[in-house]
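Report on the structure given below.
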Amino acid sequence: MTLIIDSSFLVALYDGSELYHQRAYEFAKDRSETMLVPDSLLPEVSYMLRRNLGYADSLIFFDFFEHRSVRLEPVLRDDLARVKEISEHYADSRLDLVDCCIMAIAERMNITRIATFDRRDFSIFQPRHCDFLELLP
C-alpha cells in the first residue's frame, strides 16, 4: 500500500521543535510501505526547514530520500486541471496549492492514505475515488 507524504509531516519529522515531531518520528521509523512525495512540496518543505533550522541543519531533510522507500511523484498536466477544479470548488476554504496537488495525485493514483498534520484542508475534501482520505498518523 502507498502513503502520500504532506509538507506538514516532513517538517515535523525533521524539525525537533515542531509540536508533532515525536509523533512523526514514531510513525515514520518503521514504515514498510512505499511513501510517495509529490515533487511540488519540495520547495515548501525546504523553505520551512531553512526558516526554522537554518541553512546547514535543513539539509538533513535530504536523508529522507536516501534511507527510505520513497518515490518522488511529479504533478502531471492533467493533475493541474484537477487542482484548479478542487481550488475553485473549495474557494471559500482557500486550500493550499500543495495540498490540492496531493489531492489530485491521490485521486489519479487511487491512494487513500495521507501522512499529514494538516487536518483542516484534507478533512473537508471529498475525493472522487473514495469516501474520504485517511489522515495519518
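The values are calculated or read from the model by the stated rules, or taken from the named source; none is laboratory data. For clarity, every value in this text was computed on a predicted model and none was experimentally measured. No Cβ is skipped: glycine too gets one built from the backbone with ideal geometry, and neighbour counts run over all protein chains shown.
A few notes on this one:
- Cβ-Cβ contacts under 6 Å between residues 6 or more apart (or on different chains), taken from a first residue in the range 80-108 that is closer than 16 Å to GLU134 by Cα to a second residue that is of a type in the set (A, V, I, L, M) and at pLDDT 95 or above, are listed as CYS100/VAL83; CYS100/ILE86; ILE102/ILE4; MET103/ILE86; ALA104/VAL83; ALA106/ILE4.
- Residue check for ALA28: out of contact with any His (no Cβ under 8 Å at 6 or more places or on another chain), at pLDDT below 95 and within 18 Å of ILE5 (Cβ to Cβ): yes
- The test for being within 26 Å of ARG31 (Cβ to Cβ), of a type in the set (Ser, Thr, Tyr) and buried (at least 19 other Cβ atoms within 10 Å of the Cβ) does not hold for THR112.
- Residue satisfying all of: in the range 121-137; among the charged types (D, E, K, R) and farther than 18 Å from VAL83 by Cβ; surrounded by the most Cβ atoms within 10 Å (Cβ to Cβ) among these: GLU134
- Selection of the range 107-126 for residues being at pLDDT 95 or above, in contact with a helix residue (DSSP H, G or I) (Cβ under 9 Å, 6 or more places away or on another chain) and either hydroxyl-bearing (Ser, Thr, Tyr) or within 21 Å of THR34 (Cα to Cα) (or both) yields GLU107, ARG108, ILE111, THR112, ARG113, ILE114, ALA115, THR116, PHE117, PHE122.
- The residues of the range 82-109 that are surrounded by fewer than 19 Cβ atoms within 10 Å (Cβ to Cβ) and under 12 Å from LEU41 (Cβ atoms), listed by number, are ASP96, LEU97.
- Test: SER17 is part of a helix (DSSP H, G or I) and among the polar types (S, T, N, Q): no
- Selection within the range 13-33: residues that are surrounded by 15 or more Cβ atoms within 10 Å (Cβ to Cβ) and of a type in the set (Asp, Glu). The member of this set that is nearest to ARG119 (Cα to Cα) is GLU18.
- Every residue from the range 111-136 that is in contact (Cβ under 8 Å) with a residue 60 or more places away in the chain and more than 12 Å from the chain's Cα centre (by Cα): ILE111
- Whichever residue in the range 34-70 is of a type in the set (Asp, Glu) and free of Cβ contacts under 8 Å to residues at least 40 places away in the same chain and, among such residues, is surrounded by the fewest Cβ atoms within 10 Å (Cβ to Cβ): GLU66
- Considering residues of the range 1-12 that are surrounded by fewer than 24 Cβ atoms within 10 Å (Cβ to Cβ) and not β-branched (Val, Ile, Thr) only, the residue modelled with the lowest pLDDT: MET1
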